[in-house]
Amino acid sequence: MEITLAIDTATCIRCGKCVRVCPSGIFTQQKPDGNTESRTTGTPAGNDQENTPASSSKNGSEIRIVNPETCIVCGHCVAACPTGSVEHGDFPAGKVHKIDYGQLPTPEQVLLLCKARRSNRAITSKPVPPEKLGLILEAAHRAPTASNSQSVSFTVVTDPKKLLEVSDFTIRTFDKVRAKLQNPLLKPVLKPLLPGLYRYVPVFERLKRNHLAGNDPILRHATALIFIHTRFGAADATLAYQNGSLMAESLGISQVYMGFVLSALQQDPKSFARTLGIEGRIHAVMALGVPAFRYPNYIDRKEIQVQQI
């Protein structure tokens, strides 16, 4: 991919902010002592005051660009430039937006959202409004990714028949595992090796009974599922999930992490994904629905464990 990158020297105030934030060290700036600094040197460039073109004489020398082909297209340089002087082909004017930090929630509000977020399994039959589903997806999409790969994709399932197929697949997979664990020939060998797994045998049996009774113990009657998948990197999908989870909570939408579905997918990761047209590997699944009620209280967690070195 060819990168188009330049500096508008007529408007650049040489503050050095692009130098400081570029993870690839593409921008360089000569210091007053004649040495060249970049993001990779670890030395600060410019200043943090609000800059205007008139203040350029107080800043460093001309910004230069080296090895632009190593750009990971993160946009840090464009986002940090106070005068719009960084010209990046992937970020034209229409993709760059001013931030009004006064509009951000307070730290207390953010922390309260984190405290209030719970897995609410009391879900009604009402569908999740499309506009709210869109906001949840947008929040998830905004999560950071390794090397700015942005390789996280989403598959949304709202078709009741497909949702039932997910539950059926999960129960069927668990029943196969249960049968293998209880096989009289395999049990003497497997139980000493997998003692933790055997405690799930009664759980698998209970899930199957409830599923056959129509109680939907897997999806809990969720009306939407978001499969989060990548070609590599489970961490990227997890970060996306948490972003989407907090947005769902702020919108009053129930969200539940589908650990059972993921466990079943680990037994058969490719075949079921193909039935949904998913390429790559599914790393997270979010169940969504309109709650029957919202929790009026939040509960304190165990004492935080912090090691300070």
Taking only protein heavy atoms and a 1.4 Å probe, the highest-to-lowest accessible-area order of 295, 198 is 295, 198
If exposed means GluC sites (Glu not before Pro) lying in a DSSP loop and surrounded by at most 12 other beta carbons within 10 Å, then the longest stretch of the chain lacking such sites spans residues 63-278
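For the chain, what is the accessible area per residue in Å² when the probe is 1.4 Å? Don't skip to the answer; put the middle values down first.
On the way: 19020 Å² over 309 residues.
Ligands and nucleic acids excluded, the result is 62 Å² per residue.
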Percent antiparallel among DSSP beta bridges confined to the chain, rounded to 5, stands at 95 percent
Candidate span helices, the chain: DSSP H, at least 24 Å along axis from Cα coords, Kyte-Doolittle average at least 1.0, result none
At q = 0.14, 0.21, 0.23, 0.24 1/Å the base-10 log of I(q)/I(0) from the Debye formula over the alpha-carbon atoms of segment 186-258 is -0.74, -0.97, -0.99, -1.00
Across the alpha-carbon set of the chain, Rg over Rh with Rh taken as the Kirkwood radius works out to 1.09
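For the chain, which whole-number percentage of the solvent-accessible area (1.4 Å probe, protein heavy atoms only) is attributable to carbon and sulfur atoms? Each step should come with its number before you reach the end.
Working: 10250 of 19020 Å².
The value for the chain is 54 percent carbon and sulfur by accessible area.
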Heads up, segment 125-251 by the C-alpha gyration tensor (a ≥ b ≥ c square roots of eigenvalues; a/c under 1.5 rounded, else a/b over b/c prolate, else oblate) looks oblate
Applying the gyration tensor rule to the Cα atoms of segment 235-309 (axes a ≥ b ≥ c; rounded if a/c under 1.5, else prolate if a/b exceeds b/c, else oblate), the class is oblate
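With +1 on each Lys and Arg Cβ and -1 on each Asp and Glu Cβ, and nothing else charged, work out how big the dipole of segment 62-118 is about its Cα centre, in Debye to the nearest 20. Present the calculation step by step, with values, prior to reporting the outcome.
Details: 6 positive and 6 negative charges, 91 e Å.
Computed about the Cα centre, the dipole is about 440 debye.
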Too long for a 24 Å Cα-Cα cut-off, among 126/162; 191/302; 191/270, are 191/302; 191/270
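The values are calculated or read from the model by the stated rules, or taken from the named source; none is laboratory data. All of these numbers come straight from a predicted model, not from anything done at the bench. Cβ: placed from backbone, ideal geometry, glycine included. Neighbour counts: every protein chain shown. Each accessible area value is taken on the protein alone, full model and side chains, heavy atoms only, with ligands, DNA and RNA left out. Shrake-Rupley method; radii C 1.70, N 1.55, O 1.52, S 1.80 Å.
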